[in-house]
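The values are calculated or read from the model by the stated rules, or taken from the named source; none is laboratory data. Keep in mind it's a predicted model, so treat the numbers as computed, not measured. Cβ placement follows ideal geometry from the backbone for every residue including glycine, while neighbour counts extend to all protein chains displayed.
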Amino acid sequence: MLARRALLRRLGGAPEVRRPPWTASDLSERCTRCSACIDACPEQVLRVGDGGFPQLDLSQSGCSLCGECAAACPAGVFHRQRPAFAWHARIEAHCLALAGIHCRSCEEVCEARAIRFHAQIGGPPLPKLDPQACTGCGACLAPCPSQAIRLITETPTDA
């Protein structure tokens, strides 16, 4: 079953697995699957995922980056000196505000203030996202009524 899910993810048929903040690709080698990080998460955004490894679930709320998961980990899997996440939010074309409908639910929950709305003449304010300010916490995902926000990982391109 796990191999099937991995194949579906690679083919684009299953959602991407998101790991806890400050973890790296070596999580599966270093994590003991003790669930201490999951138990310590006050937002309850960490769940037991494939193979018993911690997985980030942002479907109900975002990660506050409080660090409780990292503090609770006896295996030292969390690397707080690195950025918390390798992704940031992106507002898609089917955003209600972009369709002329007044909505600012994402701005209201963005603690980093990476999403701001700018006034325009003759319509509702339009969203502007600052990817440099975005922490990737995912707080904007659940409140979006049109599910118009995605977390994306941009791969650097050689200039």
Qualifying residue in segment 100-110 (condition: over 17 Å from residue 21 (Cβ atoms), in contact (Cβ under 8 Å) with a residue 24 or more places away in the chain, exposed (fewer than 13 other Cβ atoms within 10 Å of the Cβ) and not assigned by TED's automatic domain parsing to the domain that holds residue 18): yes
Out of 60, 147, 120, sole residue that is polar (S, T, N, Q) and closer than 28 Å to residue 32 by Cα: 60
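Quick one: which of 117, 78 is more than 19 Å from the chain's Cα centre (by Cα) and outside the structural domain of residue 41 (by TED's automatic domain parsing)? Steps first, answer last, please.
Details: 78 fails: more than 19 Å from the chain's Cα centre (by Cα).
That would be 117, the only listed residue that is more than 19 Å from the chain's Cα centre (by Cα) and outside the structural domain of residue 41 (by TED's automatic domain parsing).
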Answer residue from segment 84-99, given it is touching a residue at least 60 places away in the same chain (Cβ under 8 Å) and assigned to a loop (DSSP other than H, G, I, E, B) and is surrounded by the most Cβ atoms within 10 Å (Cβ to Cβ) among those: 85
Every residue from segment 49-75 that is under 15 Å from the mean Cα position of the chain (by Cα) and not small (Gly, Ala, Ser): 54, 55, 56, 57, 58, 60, 63, 65, 66
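Which of the residues spanning segment 83-118 are touching a Phe, Trp or Tyr at 6+ places or on another chain (Cβ under 6 Å) and either closer than 12 Å to residue 62 by Cβ or among the basic types (Lys, Arg) (or both)?
Just the residues of segment 83-118 that are touching a Phe, Trp or Tyr at 6+ places or on another chain (Cβ under 6 Å), to begin with: 84, 104, 107.
Within segment 83-118, 84, 104 qualify.
Anything in segment 118-143 that is loosely packed, with under 13 Cβ neighbours inside 10 Å and assigned to a loop (DSSP other than H, G, I, E, B)? List them, or say none. Walk me through it before giving the result.
Of all residues in segment 118-143, those loosely packed, with under 13 Cβ neighbours inside 10 Å come to 118-122, 128, 132.
The answer is 121, 122, 132.
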Single residue of 107, 68, 92 found to be among the charged types (D, E, K, R) and in contact with a Leu (Cβ under 9 Å, 6 or more places away or on another chain): 92
Enumerated helices (runs of 4 or more DSSP H) restricted to segment 1-79, each holding at least 3 residues that are at pLDDT 95 or above: 36-40, 68-72
